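> After the structure tokens below, expect a handful of questions from me.
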Amino acid sequence: MLVKDLVTKARSYRRFDESAKISMDQLKELANLGRLSPCGGNKQYIKYALVCEEEMNEKIYECLGWAGYLTDWDGPVKGERPVAYMIMLRDKQLNANLSVDEGIAAQSIFLGAAEQGIGGCFIMNCDRVKIANHLGIDTEKYAISMVIALGVPKETVVIEPMKEDGDFKYYRDERGVHHVPKRNLEEVVILEK
């Protein structure tokens, strides 16, 4: 698959086929992509807590906020919830502050997931204290950067041109298709010499 196809396919998905499981080996393979990604100063401070057991999935799910622009939607219903989570951690002894490195590693994970037919959602709106308690994470040593929810997508996501009014908010139509407006290339390339 071409990189452009992978990037286009690596969207935020919020509804999944809960019957299609993801194994711990698959999660480790994705964590390895994060591990191999560039990291400032080569500090390699990003760590992962991997979850794919149903009981723990339920506990993590209850700690998450879903789709801020979809104000009338509380998140995926039973049967459409993620089947695995990667909790991205920052080793505070190696790097105290959130940085671009988490995004680089997360995108590598997303691209690898897309290649496997897995979709996901980066979630920063979460109850970090509860997640740490559920998983027994030492919060003196680790900070939760984000939660990456994963599963086989059960929704259609369409990238479309942004409307003239500049509204960038994603939305769902009456058929449940998720629409993501994007600025055109001419608008984001501000200089050519």
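> Please verify whether the stretch 138-145 includes one or more residues that are in the same structural domain as Cys63 (by TED's automatic domain parsing) and touching a Cys at 6+ places or on another chain (Cβ under 7 Å).
Just the residues of the stretch 138-145 that are in the same structural domain as Cys63 (by TED's automatic domain parsing), to begin with: 138-145.
With the extra rule that they be touching a Cys at 6+ places or on another chain (Cβ under 7 Å), the set shrinks to none.
No, the stretch 138-145 contains no residue that is in the same structural domain as Cys63 (by TED's automatic domain parsing) and touching a Cys at 6+ places or on another chain (Cβ under 7 Å).
> Can you name every residue in the stretch 167-193 that is in a strand (DSSP E or B) and touching a residue at least 60 places away in the same chain (Cβ under 8 Å)?
Filtering the stretch 167-193 down to residues in a strand (DSSP E or B) leaves 171-172, 178-182.
Result: Tyr171, Arg172, His178, Val180.
> Gly34 fails exactly one of the following numbered conditions: (1) small (Gly, Ala, Ser); (2) assigned to a helix (DSSP H, G or I); (3) under 24 Å from Lys182 (Cα atoms). What is the number of that condition?
(3)
> A further question follows. Filter the stretch 105-126 down to the residues that are surrounded by fewer than 16 Cβ atoms within 10 Å (Cβ to Cβ) and touching a residue at least 60 places away in the same chain (Cβ under 8 Å), then identify the one that is nearest to the chain's Cα centre (by Cα). Before the answer, list the steps.
Filtering the stretch 105-126 for residues surrounded by fewer than 16 Cβ atoms within 10 Å (Cβ to Cβ) gives 115-117, 124-125.
Among the residues that remain, those that are also touching a residue at least 60 places away in the same chain (Cβ under 8 Å) are: 115-116, 125.
On the way: Glu115: 15, Gln116: 15, Asn125: 11 Å.
That would be Asn125.
> Sticking with this one: Identify, please: which residue in the stretch 23-60 is of a type in the set (Gly, Ala, Ser) and touching a residue at least 40 places away in the same chain (Cβ under 8 Å) and is, among those, surrounded by the fewest Cβ atoms within 10 Å (Cβ to Cβ)?
Going residue by residue through the stretch 23-60, those that are of a type in the set (Gly, Ala, Ser) are 23, 31, 34, 37, 40-41, 49.
Now restrict to residues that are touching a residue at least 40 places away in the same chain (Cβ under 8 Å): 31, 34, 37, 40, 49.
Values: Ala31: 21, Gly34: 23, Ser37: 18, Gly40: 12, Ala49: 21.
For the stretch 23-60, the residue satisfying everything is Gly40.
> State whether one or more residues within the stretch 157-166 are touching a helix residue (DSSP H, G or I) at 6+ places or on another chain (Cβ under 9 Å) and at pLDDT 95 or above.
No: the stretch 157-166 contains no residue that is touching a helix residue (DSSP H, G or I) at 6+ places or on another chain (Cβ under 9 Å) and at pLDDT 95 or above.
> Here's another thing I want to ask about it. Provide a single number: the residues in the stretch 1-22 that are crowded, with 18+ Cβ neighbours inside 10 Å and among the hydrophobic types (A, V, I, L, M, F, W, C).
The number of residues fulfilling the criteria is 3.
> Also: Of (1) modelled with pLDDT under 95; (2) among the aliphatic types (A, V, I, L, M); (3) in a helix (DSSP H, G or I), Leu111 satisfies all except one. Which?
Condition (1) is where Leu111 drops out.
> Inspect the stretch 85-102 for any residue being surrounded by fewer than 20 Cβ atoms within 10 Å (Cβ to Cβ), in a helix (DSSP H, G or I), assigned by TED's automatic domain parsing to the domain that holds Glu55 and out of contact with any Asp or Glu (no Cβ under 6 Å at 6 or more places or on another chain) and give the result as yes or no.
Within the stretch 85-102, one or more residues are surrounded by fewer than 20 Cβ atoms within 10 Å (Cβ to Cβ), in a helix (DSSP H, G or I), assigned by TED's automatic domain parsing to the domain that holds Glu55 and out of contact with any Asp or Glu (no Cβ under 6 Å at 6 or more places or on another chain).
The values are calculated or read from the model by the stated rules, or taken from the named source; none is laboratory data. In this text the structure is predicted, and so the values were computed from the model without any measurement. Cβ atoms come from the backbone with ideal geometry, glycine included; neighbour counts cover every protein chain shown.
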